[in-house]
1. Only one residue in A:55, A:72, A:63 is at pLDDT 95 or above and outside the structural domain of residue A:95 (by TED's automatic domain parsing), so which one is that?
2. Under 6 Å between Cβ atoms, at least 6 apart or on separate chains: pull out the pairs that start in the stretch B:187-198 with a residue that is within 14 Å of residue B:157 (Cβ to Cβ) and end on any residue that is small (Gly, Ala, Ser) and at pLDDT below 95.
3. If residue A:112 satisfies every condition in (1) more than 20 Å from the chain's Cα centre (by Cα); (2) at positive phi but one, which is the exception?
4. So the check is Cβ under 6 Å with 6+ separation or different chains; which pairs have a first residue in the stretch B:104-133 that's closer than 23 Å to residue B:168 by Cα and a second one that's outside any helix (DSSP H, G or I)?
5. When you go through B:89, B:55 one by one, which is the residue that is of a type in the set (Val, Ile, Thr) and buried (at least 21 other Cβ atoms within 10 Å of the Cβ)?
6. Would you pick out the residues in the stretch A:77-92 that are within 10 Å of another protein chain (Cβ to nearest Cβ), in contact (Cβ under 8 Å) with a residue 40 or more places away in the chain and surrounded by fewer than 19 Cβ atoms within 10 Å (Cβ to Cβ)?
7. When only residues in the stretch B:170-197 that are touching a Gly at 6+ places or on another chain (Cβ under 8 Å) and not hydrophobic (A, V, I, L, M, F, W, C) count, which is nearest to the other protein chains (Cβ to nearest Cβ)?
Amino acid sequence: MDLPLPDDLFDLADKRVTMAEEMTLEDVREHVKVYLWVFASLAILTVVTVLVSYLSISFTPALLIALAIATLKATLVALYFMHLVSERQVILWVLLVSGIFLIAMFALFIGAYADQEAIAALIKFLPTGHVA
Amino acid sequence: MQIPYEVTARPDTGVNNAKLGIWLFLASEVMLFGGLFAAYVFLRIGADAWPGMMVYGTEMMAERADEILNVPLATLNTMILIASSVTMVMSWAALKMDRFDRYKLYMGLTILLALGFLVVKAFEYGDKFDHHWYASTNNFLGIYFVLTGLHAIHVTGGIVLNAYFWGPGTKLWKRGTPRDKAHFTNRIEVAGLYWHFVDLVWIFLFPMIYLI
């Protein structure tokens, strides 16, 4: 039995044919060249990440640079090795939703941390003998 | 109820079932690793010193991760994993070109590189154990072993999966019909998506744990 899905999902499937499904031999050869370029870029970016870590820069800029390079590398892997560059919208929606949940989870952690400070500050001003 | 096993795209989703399935699985993996990354951030912003006090005969205060972790080895492992991602995607491309011999070569290389990653990781862990540094030593080593250990389990799972597709799983391709070949190629594409995700996780793990 085929699984029923909401009609709205039909709108997510555009008319383009995904790369993985219909490719000519020439297309595959072209993509192999791209894979090799991506490999070279990833290797260079890895070396850059390590070199930057040996520079004497303070924590925050070092963190931002490392995360920026990691994000760039991850984007290259996702777009070209995982074929997101030509993937259907339904997959992109799955990723978008998981990205939103990931950000929400980080926000909960950071919110809890910020709350600890706020609660500590509040307790400081509470009347003596008050039990929270 | 039976989910049809077809490699053609469904008209409603626009993708085949296996591809949608693996992406949904990867979305859950994002949350799994994301939770641990969040734990890492939480531990770190709450720490007075990072990595902090190490119990090593006499107590030692580590100010930078590279004082206790081997950055050159981790860089080598990063290169190994990136290379294995390339050989994985090349193995899929070889099948699309109907070059089964090339597929065997690239998939074999992917497995060997993944094994190489685990060997390097074993040396790295061995060095920590030699120093009597365990997950219980401090928060840094706790989250280090959890994150890298979970990642290593994923690498091991990938090796088992890819070894199956390198060996017994190739029977499907060898049947020789276009339908069987399309199904086998689809399986390799899906296995590849998992493998690239494992690479992607390491891309973030490496700078966060070893370099910052």
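1. A:72
2. The qualifying pairs are B:190/B:18.
3. Unmet condition: (2).
4. Close Cβ pairs satisfying both conditions: none exist.
5. B:89
6. A:89, the sole residue that qualifies.
7. That would be B:194.
Quick grid of which residues meet (1) under 30 Å from residue B:192 (Cβ atoms); (2) within 9 Å of chain A (Cβ to nearest Cβ); (3) without any contact (Cβ under 8 Å) to a residue 60 or more places away in the chain:
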position	(1), (2), (3)
B:26	yes, yes, no
B:30	yes, yes, yes
B:36	yes, no, no
B:45	no, yes, yes
B:48	no, no, yes
B:60	no, no, yes
B:67	no, no, yes
B:70	yes, no, yes
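The values are calculated or read from the model by the stated rules, or taken from the named source; none is laboratory data. Since this is a predicted model, take the numbers as computed values, not measurements. All Cβ positions, even for glycine, are placed from backbone atoms using ideal geometry, and neighbour counts span all protein chains on display.
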